[in-house]
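The values are calculated or read from the model by the stated rules, or taken from the named source; none is laboratory data. Being a predicted model, the structure only gives us computed values, none of them experimental. Every residue, glycine as well, gets a Cβ built from its backbone with ideal geometry; the counts of neighbours run over all protein chains shown.
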Number of protein chains: 4
Amino acid sequence: MLNIALLGAGRIGQVHARSISANPDCTLVAVTDVAAEAAHNLAARFQAKVRSVDDILADAAIDAVLIATSTDTHSDLIERATAAGKAVLCEKPVDLALERALACQAKVARTGKPVMIGFNRRFDPNFAALKAAVDSGEIGKAELLAITSFDPAPPPVSYIKVSGGLFRDMMIHDFDIACWIMGGAPSKVTATASSLVDSEIGAAGDVDTAVVTLSWADGRIAVVKNSRRAGYGYDQRIELLGSEGLLSAKNELENTIEKITREGTRSAKPVYFFLERYMRAYEAEWAAFVHAIKTSTPVPVTLADGIAALACAEAATRSVRTGETVALRPEMPGGL
Amino acid sequence: MLNIALLGAGRIGQVHARSISANPDCTLVAVTDVAAEAAHNLAARFQAKVRSVDDILADAAIDAVLIATSTDTHSDLIERATAAGKAVLCEKPVDLALERALACQAKVARTGKPVMIGFNRRFDPNFAALKAAVDSGEIGKAELLAITSFDPAPPPVSYIKVSGGLFRDMMIHDFDIACWIMGGAPSKVTATASSLVDSEIGAAGDVDTAVVTLSWADGRIAVVKNSRRAGYGYDQRIELLGSEGLLSAKNELENTIEKITREGTRSAKPVYFFLERYMRAYEAEWAAFVHAIKTSTPVPVTLADGIAALACAEAATRSVRTGETVALRPEMPGGL
Amino acid sequence: MLNIALLGAGRIGQVHARSISANPDCTLVAVTDVAAEAAHNLAARFQAKVRSVDDILADAAIDAVLIATSTDTHSDLIERATAAGKAVLCEKPVDLALERALACQAKVARTGKPVMIGFNRRFDPNFAALKAAVDSGEIGKAELLAITSFDPAPPPVSYIKVSGGLFRDMMIHDFDIACWIMGGAPSKVTATASSLVDSEIGAAGDVDTAVVTLSWADGRIAVVKNSRRAGYGYDQRIELLGSEGLLSAKNELENTIEKITREGTRSAKPVYFFLERYMRAYEAEWAAFVHAIKTSTPVPVTLADGIAALACAEAATRSVRTGETVALRPEMPGGL
Amino acid sequence: MLNIALLGAGRIGQVHARSISANPDCTLVAVTDVAAEAAHNLAARFQAKVRSVDDILADAAIDAVLIATSTDTHSDLIERATAAGKAVLCEKPVDLALERALACQAKVARTGKPVMIGFNRRFDPNFAALKAAVDSGEIGKAELLAITSFDPAPPPVSYIKVSGGLFRDMMIHDFDIACWIMGGAPSKVTATASSLVDSEIGAAGDVDTAVVTLSWADGRIAVVKNSRRAGYGYDQRIELLGSEGLLSAKNELENTIEKITREGTRSAKPVYFFLERYMRAYEAEWAAFVHAIKTSTPVPVTLADGIAALACAEAATRSVRTGETVALRPEMPGGL
């Protein structure tokens, strides 16, 4: 039975608290948050204690921490927690700055402690089934990957301003999916982006609609489409053309009802947002982390994976600015 | 907070135990089963006590009982529990014999205690959405209902022999759905049935494949198809033609993956059986019962509903034997 | 090159004229119709001559006739044409009266000339693909067949009055499909029917909504649903449960457009009526007839097939009246 | 009644000959081809005469010519035919060289004769329905367009070598669709491409797999995916995200059959290639041309449209070479 501390009691922290408490192999023992009330509410609901970060890290009885704090604290907390001997599951992104993330990676390496990055979508049953089918050769050799990832509605501009921008905040999930399915980071990145959804997003220096093309040294290509506003729900699809066929993961819909009238056929729309779509993924993600820690096996999403996705985001940001294709640094884990 | 006792710790009892323990407005305090080990295992898992039926019914602190014992005990236990002042949720069918169920209904009426019958499918999100769409007039006036209900594989013949037969054991769910959607019991029933799946089922005097047509006094028609063996999973669909369109509830599938190759397009099959398909329905069913008891409002599925479905089953059984259309007794709640 | 005469220049006659003229192995040389103007218009359009029935049948240069006249003339014309040595393709039904059709069959038998009945749906590419899949054992042994067949809107009551009723006029197509897929006529028929769509249809003694269950001596079952008014288009589906799976033929839709908005997903409805749905089937039907005549091989839909479907229609009519299951005469080609 | 001459009796010429002969408002009177046998076969089949180009252009009785010769002859023939007073429908692309196409456009302008470019896909019923829905505002303002366009199998390398390359030969259709739906040419083009399918295509200096991103001055974005080898058929889909929803045109499938077994659900794959998918589009394209000529109204696809698509192809070719985003010349009809 692992003792877990949760750092961060905000929206995503609450999601993780549910996964932790639902897992039979661990116990949520401590919670911390800069917002005292949030910490107390969550602690009360899950029968945990509110403690300080220092206190948590000093407690030898705590085996692992889940970092769900604001992004600017991720690298520091990863470094401190691993130095204190804890296993870590940290929300994405590792950091907004690639350099800082690389420095964090170097420090963590010296501790030998496992750090897993919270790319929850890898644990979605549909995406996981697609990945398994690809890996078992069901459509031959992968050639052309297309990821569609639209949010239902844009976040407040106040959030946009501290988010690191669409590529680091939103498309980073898709970069990870692309690297995961293709088996490593791409060698080149080209991006086109605009602010079409909300002019305030553009005024804040960010984009809300983007297409990014990734290519690998062996010629394989991936393209990611993002929009901050689909309106109809959370549109999360993957489509991979291989040498022997096309494999795709469609959306999950609200229900299976269909109505046919003179006006046509009416059916359900995709489920609204990430809580509806990915709750099972969060649970499976946590279970995978707990399993890796318990069995001393590698975590399935590494800090290096988090850095590869961040490198793609940085390259896409640069490509939009310069209009040029950007090569990823050779030390990225691409070039399969 | 309602205190609940669970009578019956078999497969379906375990399903209900999960719903009871997941519901924030009630506590599972007692469990009983003729199989002592099953009772103890379930009690241990859900922190309840193993007690006798007599003991449970005598305990004034217990507000409601959930009856999930074998069918031949249902009527007796409903009568005893309501006489003891308990609210009751009883698994379907009420009884194998219509006469016995009617006698039970009369006794219960004198106690004034609420009895809900466990027709879980009414609480399936898809079927509930279809019913809501019908009731709000989305396809005009209902005319022709078609229910497809196939199990993945037949039960053992030992079960068949005590089940009361396909109409009372399996199609009773579909009779309830038909009565629920059409708003009352039919006036006539015609059945055609065979043993095609398993010759031992035929040897035991039962059928495994059946089509039953129900008609209402106003001319509306419903048809139910049952098979004990679809092979590919649990096929549970409803389709209603109304004066202004067609409304249907499709199956839930295992995932959203699609693969297109030279051989065609491959996608998922329906989820395998009732646990995969109806777990959310069982939870919603129990929540509806708890809500009704807490607010002293009528339970959404009554003992009369259970009797109407049983009357359909009895009529279908007779129709297969005689080759004639069977009229339901006038006291059934049909003739809308 | 076969010389063809078309008897009947009404709506369905015009459909056949197009198939005849599109077929490279035959020429439409003569047309007749009791309505002189219709005959002349069609003849002009397809460069044929208007001639009398007597004249056509006396012309040794005419190889085959396509009978698309009113139903009450079918038997007579089949008898006269075959007696005159012509091959015949006759629209369904053979006759409104089973006795008359049987007498016709006896006369035709003495001429040895081929008579094909126009059950066009057998030549629909979807239904033909389903039949081929069944016959090649793709879902094991057939067990439970379900046919849905809804017209978009009821015909005028004046048509209803001379139609022979829903079972002989409309469901006869579905009876043929059932016999074709199951490999012979059923042994028993049970019907339930109402007039829900148009009270004038009921006043004329006919029904507009019906469910008919057919069963074969070996226990296999088929159920047919008919409505004269789906509203949204022509709903033509087949679904067959076999011992190893479910095979279905869905509707053809107006287009492949899908729109997802806050209101849900909107897609196309089925194509409107038989001309949109079955034009390719009519062409293939005619090609199959021409092929059989040219190669002196059996026609794929025989007069016996037309009689089997008619026997089902007669049995269904009787079953509605009596409330009893009706056994088909033993001489029907069932009992596989 | 328009008299039509067909220049080119190859594969696509034969497709057009069928459309011409099926159209009631025109007659195919003359055919020419450098391959005498092809010309004679086609002429015999459609009762036209084989004549030389000079002869055809000199014949005042010929109203219009359809140019379906090899691409390198298009500009010359357009110029000569319009100079001779003929209306022209010319297959895509206008020319392999943008400069040559622009010179052709200038010459044609002086004749005042109508020239339509054969972008058949605009006349596909599905794509046309999507365009109509966009234009009527069904999903608000267009924002992000995605076109998937995969051929079933690559052409021989001998064809590739004279084709002008994937962008001018294959993706030019998609460029036209993008310009058509978005209402004008884009301002910038970025391309990523590889040879993954056939190494001989790479050795010939061409690519077989490509992703091209187009952007408009107002920030709207389109992305096109091409592969020369889908294997499973012709994959032709459009998907447009607008401010109020998502509109998509799916593939047409071989049939509507679905089979569910233990192995999952099996359904049809897309129709195999452009003849199966776009035959109706070719007919509608020709009907639109004939209608424009008869009514002296503008043709629906202009020479300028052909040049805009060619400009995109040229920009994409350059972008792959340089790794840079390429701006289209300001004289292109973009910048809505």
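Quick check on D:D151: is it within 30 Å of C:E252 (Cβ to Cβ), within 14 Å of chain A (Cβ to nearest Cβ) and of a type outside the set (K, R)? Outline the logic, then answer.
On the way: within 30 Å of C:E252 (Cβ to Cβ): yes; within 14 Å of chain A (Cβ to nearest Cβ): yes; of a type outside the set (K, R): yes.
Spelling it out, D:D151 is indeed within 30 Å of C:E252 (Cβ to Cβ), within 14 Å of chain A (Cβ to nearest Cβ) and of a type outside the set (K, R).
Remark: A:A185 matches the filter, which requires a residue to be closer than 17 Å to A:A313 by Cβ, more than 10 Å from chain D (Cβ to nearest Cβ) and in contact (Cβ under 8 Å) with a residue 60 or more places away in the chain.
Just one of the numbered conditions (1) farther than 21 Å from C:K92 by Cα; (2) assigned to a helix (DSSP H, G or I) is not true of C:L196: (2). Restricting D:A249, D:A284 to residues that are away from chain A (no Cβ under 14 Å), touching a helix residue (DSSP H, G or I) at 6+ places or on another chain (Cβ under 6 Å) and surrounded by 20 or more Cβ atoms within 10 Å (Cβ to Cβ) narrows the list to D:A249.
Kindly indicate whether C:A9 is crowded, with 22+ Cβ neighbours inside 10 Å, free of Cβ contacts under 8 Å to residues at least 60 places away in the same chain and assigned to a loop (DSSP other than H, G, I, E, B). Even if it seems obvious, please write down each step before you answer.
On the way: crowded, with 22+ Cβ neighbours inside 10 Å: yes; free of Cβ contacts under 8 Å to residues at least 60 places away in the same chain: yes; assigned to a loop (DSSP other than H, G, I, E, B): yes.
Considered against the rule, which asks whether it is crowded, with 22+ Cβ neighbours inside 10 Å, free of Cβ contacts under 8 Å to residues at least 60 places away in the same chain and assigned to a loop (DSSP other than H, G, I, E, B), C:A9 comes out as yes.
Taken over segment D:222-246, the residue count meeting the criterion of being within 7 Å of another protein chain (Cβ to nearest Cβ), over 17 Å from D:I172 (Cα atoms) and aliphatic (A, V, I, L, M) is 3.
Check whether at least one residue in segment C:143-163 is in contact with a helix residue (DSSP H, G or I) (Cβ under 7 Å, 6 or more places away or on another chain), under 30 Å from A:R262 (Cα atoms) and of a type in the set (K, R), and report yes or no. Before the answer, list the steps.
From segment C:143-163, those in contact with a helix residue (DSSP H, G or I) (Cβ under 7 Å, 6 or more places away or on another chain) are C:145, C:147, C:149, C:154, C:157, C:160, C:163; that's our starting set.
Cutting the leftovers down to under 30 Å from A:R262 (Cα atoms) gives us C:145, C:147, C:149, C:154, C:157, C:160, C:163.
Filter once more, keeping what is of a type in the set (K, R): none.
For segment C:143-163, residues in contact with a helix residue (DSSP H, G or I) (Cβ under 7 Å, 6 or more places away or on another chain), under 30 Å from A:R262 (Cα atoms) and of a type in the set (K, R): absent.
Might you let me know whether segment C:24-33 holds any residue that is touching a helix residue (DSSP H, G or I) at 6+ places or on another chain (Cβ under 6 Å), of a type in the set (A, V, I, L, M, F, W, C) and under 23 Å from C:D176 (Cβ atoms)? No, every residue in segment C:24-33 fails to be touching a helix residue (DSSP H, G or I) at 6+ places or on another chain (Cβ under 6 Å), of a type in the set (A, V, I, L, M, F, W, C) and under 23 Å from C:D176 (Cβ atoms).
Please specify each residue of segment C:203-214 satisfying the condition of being farther than 17 Å from C:D176 by Cβ and buried (at least 22 other Cβ atoms within 10 Å of the Cβ).
From segment C:203-214, those farther than 17 Å from C:D176 by Cβ are C:203-209, C:211; that's our starting set.
Selection gives C:D206, C:V207, C:D208, C:T209, C:V211.
When you look at C:D169, is it in the same structural domain as C:V212 (by TED's automatic domain parsing), surrounded by 17 or more Cβ atoms within 10 Å (Cβ to Cβ) and acidic (D, E), yes or no? Yes; evaluated as a whole, the condition is true for this residue.
Taking segment C:231-287 only, how many residues are small (G, A, S) and within 23 Å of C:T213 (Cβ to Cβ)?
Of segment C:231-287, the ones small (G, A, S) are C:231, C:233, C:242-243, C:245, C:248-249, C:264, C:267-268, C:281, C:284, C:287.
Now drop any that are not within 23 Å of C:T213 (Cβ to Cβ), which leaves C:242-243, C:245, C:248-249.
Residues meeting the conditions: 5.
Confirm whether D:T213 is in a strand (DSSP E or B), facing chain A (nearest Cβ under 7 Å) and at pLDDT 95 or above. When the stated conditions are applied, D:T213 passes them.
When A:D174, A:D206, A:D198 are screened for being within 26 Å of D:T192 (Cα to Cα) and out of contact with any helix residue (DSSP H, G or I) (no Cβ under 7 Å at 6 or more places or on another chain), only A:D174 passes.
Being more than 25 Å from D:A315 (Cβ to Cβ) and not aromatic (F, W, Y) is true of D:A87. Sub-6 Å Cβ pairs linking a first residue in segment D:255-277 that is within 17 Å of B:K269 (Cα to Cα) and within 7 Å of chain C (Cβ to nearest Cβ) to a second residue that is among the aromatic types (F, W, Y) and outside any loop (DSSP other than H, G, I, E, B), at least 6 apart or interchain, number zero.
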